[in-house]
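Worksheet: the structure to be examined is printed underneath.
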Amino acid sequence: MEMGGIRFPGPLVAGRFVRRLNRFAALVEVAGRQEQVHVRNSGRLHELFTPGREVLLEAATTPARRTRFTLALVRLPTGYVSADAHLPNALVAEGLRCHAIPGFRRHRVLRREPAMGRGRADFLLAQGRRRCLLEVKSVTLVKEGVALFPDAPTVRGRTHVEHLIAARRRGLGAAILFVIQRSDVQIFAPNRDADPEFSESLRRASRAGVRVCAMRCHVDPRGVRFTGLVPVRLR
């Protein structure tokens with residue numbers, strides 16, 4: 001898949017969204033009966049999870065798992081959206097492996113989940129002797145062509161940005177990549193209405209030398225792949 005991509009391991013199963021049960025579970029109608037499915041996303045996703053909406057499910061590969069399916073894709077009039085917040089890290093790892101991410105084509109992965117402050121970043125990259133911490137964020141919310149993050153207040157997200165600023169001040173490279181898991185987007189911006197503090201932290205990070213970038217994806221029932229960078233608007 002061009003620019004780096006991942007394929008689903010098998011055919012996806014069609015269903016209709018019924019309702020969210022909690023952060024990690026939803027009720028979906030599958031083949032005429034309602035079934036609890038796993039949701040790999042703690043975001044609110046109000047714009048995606050509406051009753052009656054078509055969804056596609058990934059079958060579990062572990063027989064002993066509590067739920068038979070994981071909610072993979074949501075179908076909107078503008079196309080499919082990946083609802084899996086774990087997928088962007090796998091997508092970025094594959095993109096880095098095949099040198100397919102603009103701005104990081106010469107980097108290699110030194111470590112996954114390296115220490116960053118009291119927590120962990122997603123990747124530690126190397127370009128020659130230079131080191132760079134890379135944080136990856138999943139984006140699903142789009143309004144009038146503008147991809148927005150977050151969709152709810154995120155203390156964790158603000159903490160990650162502050163740690164990137166601190167790393168940059170110590171002389172390390174630092175970057176944050178927003179993976180927009182849909183294609184109907186022209187630009188990325190922090191969602192000031194949802195979390196003004198995150199928005200301000202991201203602007204301060206950019207001024208401090210943290211690279212802020214965003215990429216859109218093509219999403220279909222076969223898999224997800226990057227299709228290119230989108231402009232970032234911080235003001």
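The values are calculated or read from the model by the stated rules, or taken from the named source; none is laboratory data. Just so we're clear, the structure is a prediction, and the values are computed from it rather than from any experiment. We place every Cβ from the backbone using ideal geometry, glycine too, and count neighbours over all the protein chains shown.
Here are some notes:
- All conditions but one from (1) surrounded by fewer than 20 Cβ atoms within 10 Å (Cβ to Cβ); (2) in contact with a Leu (Cβ under 9 Å, 6 or more places away or on another chain); (3) without any contact (Cβ under 8 Å) to a residue 40 or more places away in the chain apply to T62; the one that does not is (2).
- Every condition in (1) surrounded by fewer than 19 Cβ atoms within 10 Å (Cβ to Cβ); (2) of a type in the set (G, A, S); (3) at pLDDT 95 or above holds for G117 except the one numbered (3).
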